Amino acid sequence: MSKDIPQIILATHNTHKAEEIEQILKGQFKVRTMKDMGVTGELEETGSTIEENAEMKAEQLKCKLGDMPVIILSDDTGLFVDALNGAPGVYSARYAGEDVSYEDNNKKLLLELDGVDDRKAEFKTCFCAIFPDGAVTTATGEVKGKIAHENQGDNGFGYDPLFIPEGYEKTYAQMTDEEKNKLSHRKAGLDRMIPILETYLQESRSRS
Ligand code: IMP
């Protein structure tokens with residue numbers, strides 16, 4: 001690997017996520033997972049907002065990696081439903097309880113919205129970057145949409161079979177990966193983080 005390409009270490013074990021982000025960043029950064037760095041175990045996410053969780057995960061990974069001259073990047077996502085006062089929100093992964101399946105969470109969401117006409121919802125992803133000089137930056141992206149009346153589609157994961165993005169007549173789960181990744185909340189968050197990463201890249205090149 002070339003020494004000239006700065007490294008981003010993602011606060012995840014998910015190789016697929018790393019590949020997707022590396023691709024979006026057009027090869028300007030080498031993106032690696034915790035597993036690639038030999039970091040095991042899970043990171044705590046006990047904050048009361050997705051921003052707090054993203055920062056918490058990035059800080060924990062920084063502690064585990066020590067003084068490596070790398071950029072640490074974490075993300076945290078929540079589905080915020082208007083009629084449920086923003087639930088499941090920061091608790092999206094464990095809406096129906098600890099260690100539940102995506103199906104359990106989707107069932108609970110449909111039950112909570114039974115008979116409710118207002119189906120408006122929003123997916124939000126916060127990215128947090130910690131740079132080698134210790135600077136911390138967050139960027140949040142969102143996609144507005146609505147919750148379907150029943151599961152539709154088999155692709156994706158999580159709440160994909162229930163979330164219909166604004167301007168579409170189908171759920172995320174009825175889209176191909178490519179289609180979803182072009183318009184998703186994660187893409188929206190990353191789009192806001194990219195200029196910050198590129199500024200770092202330009203500054204570090206002009207220093208060397
Ligand atoms: P995380 O912060 O990426 O771990 O996401 C928290 C929870 O939000 C996941 O466990 C999923 O239930 C849900 N989630 C995150 N991203 C998506 C998505 O792209 N589609 C559907 N559900 C998602």
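The values are calculated or read from the model by the stated rules, or taken from the named source; none is laboratory data. Keep in mind it's a predicted model, so treat the numbers as computed, not measured. Here Cβ is always computed from backbone atoms with ideal geometry, including for glycine, and neighbour counts include all displayed protein chains. Accessible surface areas use protein heavy atoms only, side chains included; no ligands, DNA or RNA. Shrake-Rupley method; radii C 1.70, N 1.55, O 1.52, S 1.80 Å.
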| For the range 25-48, how many residues meet the condition of being open to solvent by 40 Å² or more (accessible area, probe 1.4 Å) and in contact (Cβ under 8 Å) with a residue 60 or more places away in the chain? | 1
| field | Only listed residue being within 16 Å of the ligand (Cβ to nearest atom) and modelled with pLDDT under 95, chosen from G27, G78, G41 | value | G41
| In the range 92-105, which residues are surrounded by 15 or more Cβ atoms within 10 Å (Cβ to Cβ) and near the ligand (Cβ under 9 Å from one of its atoms)? | S92, A93, Y95, Y102, N105
| said: Would you confirm, using the coordinates I've provided, whether I130 is over 20 Å from F80 (Cβ atoms) and crowded, with 21+ Cβ neighbours inside 10 Å? | reply: yes
| field | Odd one out for M56, checked against (1) over 30 Å from G115 (Cβ atoms); (2) in contact with a helix residue (DSSP H, G or I) (Cβ under 9 Å, 6 or more places away or on another chain); (3) aliphatic (A, V, I, L, M); (4) open to solvent by 20 Å² or more (accessible area, probe 1.4 Å) | value | (2)
| request: For residues that are more than 11 Å from the ligand (Cβ to nearest atom) and open to solvent by 40 Å² or more (accessible area, probe 1.4 Å), tally how many sit in the range 136-164. | output: 10
| query | Only one of L61, L109 is touching a Pro at 6+ places or on another chain (Cβ under 8 Å), surrounded by 15 or more Cβ atoms within 10 Å (Cβ to Cβ), at pLDDT 95 or above and under 23 Å from C126 (Cβ atoms); which? | reply | L109
| What residue, of E178, E203, E150, E198, is modelled with pLDDT of 95 or more and acidic (D, E)? | E150
| task | Just need a number here: residues in the range 165-193 that are among the hydroxyl-bearing types (S, T, Y), closer than 21 Å to Y102 by Cα and open to solvent by 20 Å² or more (accessible area, probe 1.4 Å). | result | 1
| query | List, please: which pairs have Cβ atoms under 7 Å, are six or more places apart or on different chains, and start with a residue in the range 84-104 that is aromatic (F, W, Y) and end with one that is in a loop (DSSP other than H, G, I, E, B)? | reply | Y102/F157; Y102/G158
| said: Please verify whether D118 is within 10 Å of the ligand (Cβ to nearest atom) and more than 26 Å from I72 (Cα to Cα), treating the condition exactly as stated. | reply: no
| query | I21 passes all but one of (1) part of a helix (DSSP H, G or I); (2) without any contact (Cβ under 8 Å) to a residue 60 or more places away in the chain; which number fails? | reply | (2)
